[in-house]
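Visitor: Would you mind keeping the following structure in view while I ask a few things?
The values are calculated or read from the model by the stated rules, or taken from the named source; none is laboratory data. No experiment lies behind these values; they were computed from the predicted model shown. With ideal geometry, Cβ positions are generated from the backbone for all residues, glycine too; neighbour counts draw on all protein chains shown.
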Amino acid sequence: MIITKLERIENGKGKIKVYIEGEYCFILYQKDLNNFRIEENTDITETQYEDIYINTVLRRAKQKALAILKYMDRTEQELITKLKQYGCTETLINDVLEYINKYHYIDDYRYAANYIRFRKNSKSKRQISMELSQKGIAKEDIEQAFADEYDEEDTAIKTAIAKKCRNLDILTYEEKQKIAASLYRKGFKMDLIQKYLKHNL
């Protein structure tokens, strides 16, 4: 295998993209190039490649993934996005995910359940569901998390209304219409909105 290109990343703190046979493979630092004696237009054996990939590239990618997950729970899709930004190839990301999933460092159902638990008293079910979908969580995990964590929307809609007005009796018909429209856009059902706006719409 021929190392066809070494591309220094601008403002990449010494990171260098390594291309083999014209294909981007991974990122190394200058000290790595020196240690492994890597130069453009030189041969690299499969044994050397595997050693670099497993003991340097994959090891660092695993450490990066753990650092990403250390202070905040993430969905699998969010972790994939972060690893892509770090410069990981699809193959490398898959190898990292295999390791991460093996030890249950990420769990989309767990993420969805926690997300619902902390937002169910202030957001509608539809809004939460949409936000979880945007985070790449599978429909099955979202539905199971709702079944386990979500009750009725009464508390959420009362909280949402209270944020807009403490005393509904002083509102005009037009003001109540605006609140109702806002709540409806956030995913609350109209019959529930009317119930807590005292049927005065």
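Visitor: Report, by residue number, each residue of the stretch 65-85 that is more than 24 Å from Lys139 (Cβ to Cβ) and surrounded by fewer than 16 Cβ atoms within 10 Å (Cβ to Cβ).
Guide: Residues satisfying the conditions are Leu66, Ala67, Lys70, Tyr71, Gln85.
Visitor: May I ask you to list the residues in the stretch 6-33 that are closer than 17 Å to Tyr53 by Cα, among the charged types (D, E, K, R) and without any contact (Cβ under 8 Å) to a residue 60 or more places away in the chain?
Guide: Listed by number, the residues that qualify are Glu21, Glu23, Lys31, Asp32.
Visitor: For the stretch 1-91, give me every one of the helices (runs of 4 or more DSSP H) that falls completely inside it and has 2 or more residues that are touching a strand residue (DSSP E or B) at 6+ places or on another chain (Cβ under 7 Å). First the steps, then the outcome.
Guide: Values: elements: 30-36, 46-52, 59-70, 76-86.
Once the helices (runs of 4 or more DSSP H) in the stretch 1-91 are filtered for at least 2 residues that are touching a strand residue (DSSP E or B) at 6+ places or on another chain (Cβ under 7 Å), what remains is 30-36.
Visitor: Looking at the stretch 101-149, which of its residues are in contact with a Leu (Cβ under 9 Å, 6 or more places away or on another chain) and among the hydroxyl-bearing types (Ser, Thr, Tyr)?
Guide: Those that are in contact with a Leu (Cβ under 9 Å, 6 or more places away or on another chain) and among the hydroxyl-bearing types (Ser, Thr, Tyr): Tyr105, Tyr111, Tyr115, Ser124.
Visitor: Could you look through the stretch 170-188, keep only residues that are in contact (Cβ under 8 Å) with a residue 24 or more places away in the chain and out of contact with any Ser or Thr (no Cβ under 6 Å at 6 or more places or on another chain), and pick out the one that is farthest from Arg119 (Cα to Cα)? Lay out the reasoning, then the answer.
Guide: Keep residues of the stretch 170-188 that are in contact (Cβ under 8 Å) with a residue 24 or more places away in the chain, which gives 173, 176-177, 183, 186-188.
Filter once more, so that each one left must be out of contact with any Ser or Thr (no Cβ under 6 Å at 6 or more places or on another chain): 173, 176-177, 183.
Numbers: Tyr173: 29, Lys176: 24, Gln177: 25, Leu183: 15 Å.
Out of the qualifying residues, it is Tyr173.
Visitor: Hey, could you check the stretch 137-156 for residues that are surrounded by 14 or more Cβ atoms within 10 Å (Cβ to Cβ), aliphatic (A, V, I, L, M) and modelled with pLDDT of 75 or more and say which is nearest to the chain's Cα centre (by Cα)? Spell out the reasoning first.
Guide: The first filter runs over the stretch 137-156 and keeps only residues surrounded by 14 or more Cβ atoms within 10 Å (Cβ to Cβ), leaving 137-138, 141-142, 144-146, 149-150, 153, 156.
Narrowing further to those that are aliphatic (A, V, I, L, M): 137-138, 142, 145, 156.
From what is left, the residues that are modelled with pLDDT of 75 or more are 137-138, 142, 145.
Working: Ile137: 9, Ala138: 12, Ile142: 14, Ala145: 17 Å.
Out of the qualifying residues, it is Ile137.
Visitor: Could I ask something else about it? Consider Arg60 carefully, then state whether it is closer than 20 Å to Lys135 by Cα and surrounded by 11 or more Cβ atoms within 10 Å (Cβ to Cβ).
Guide: Numbers: closer than 20 Å to Lys135 by Cα: no; surrounded by 11 or more Cβ atoms within 10 Å (Cβ to Cβ): yes.
In short, no.
Visitor: Every residue in the stretch 92-109 that is part of a loop (DSSP other than H, G, I, E, B) and either in contact (Cβ under 8 Å) with a residue 60 or more places away in the chain or crowded, with 17+ Cβ neighbours inside 10 Å (or both), please.
Guide: Keep residues of the stretch 92-109 that are part of a loop (DSSP other than H, G, I, E, B), which gives 103-107.
Scanning the stretch 92-109 gives Tyr105, Ile106.
Condition check ((1) at pLDDT below 95; (2) within 23 Å of Glu21 (Cβ to Cβ); (3) basic (Lys, Arg)) across all residues:
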residue	(1), (2), (3)
Ile44	yes, yes, no
Arg74	yes, no, yes
Leu79	no, no, no
Gln85	yes, no, no
Leu92	no, yes, no
Ile106	yes, no, no
Tyr115	yes, no, no
Asn121	yes, no, no
Ser124	yes, no, no
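Visitor: When the residues of the stretch 125-170 are narrowed to those that are among the basic types (Lys, Arg) and in contact with a helix residue (DSSP H, G or I) (Cβ under 9 Å, 6 or more places away or on another chain), which ends up farthest from Tyr111 (Cα to Cα)?
Guide: Our first condition is that a residue be among the basic types (Lys, Arg); within the stretch 125-170, this holds for 125-126, 135, 139, 158, 163-164, 166.
Now narrow it down to the ones that are in contact with a helix residue (DSSP H, G or I) (Cβ under 9 Å, 6 or more places away or on another chain): 125, 135, 139, 158, 164.
Working: Lys125: 16, Lys135: 10, Lys139: 13, Lys158: 25, Lys164: 29 Å.
That would be Lys164.
Visitor: Exactly one condition in (1) touching a residue at least 60 places away in the same chain (Cβ under 8 Å); (2) in the same structural domain as Glu10 (by TED's automatic domain parsing); (3) not charged (D, E, K, R) is false for Ser124; which is it?
Guide: Exception for Ser124: condition (2).
Visitor: Given the conditions (1) touching a residue at least 24 places away in the same chain (Cβ under 8 Å); (2) out of contact with any Lys or Arg (no Cβ under 7 Å at 6 or more places or on another chain), report the number of the one that Glu152 does not fulfil.
Guide: With respect to (1) touching a residue at least 24 places away in the same chain (Cβ under 8 Å); (2) out of contact with any Lys or Arg (no Cβ under 7 Å at 6 or more places or on another chain), Glu152 is out only on (1).
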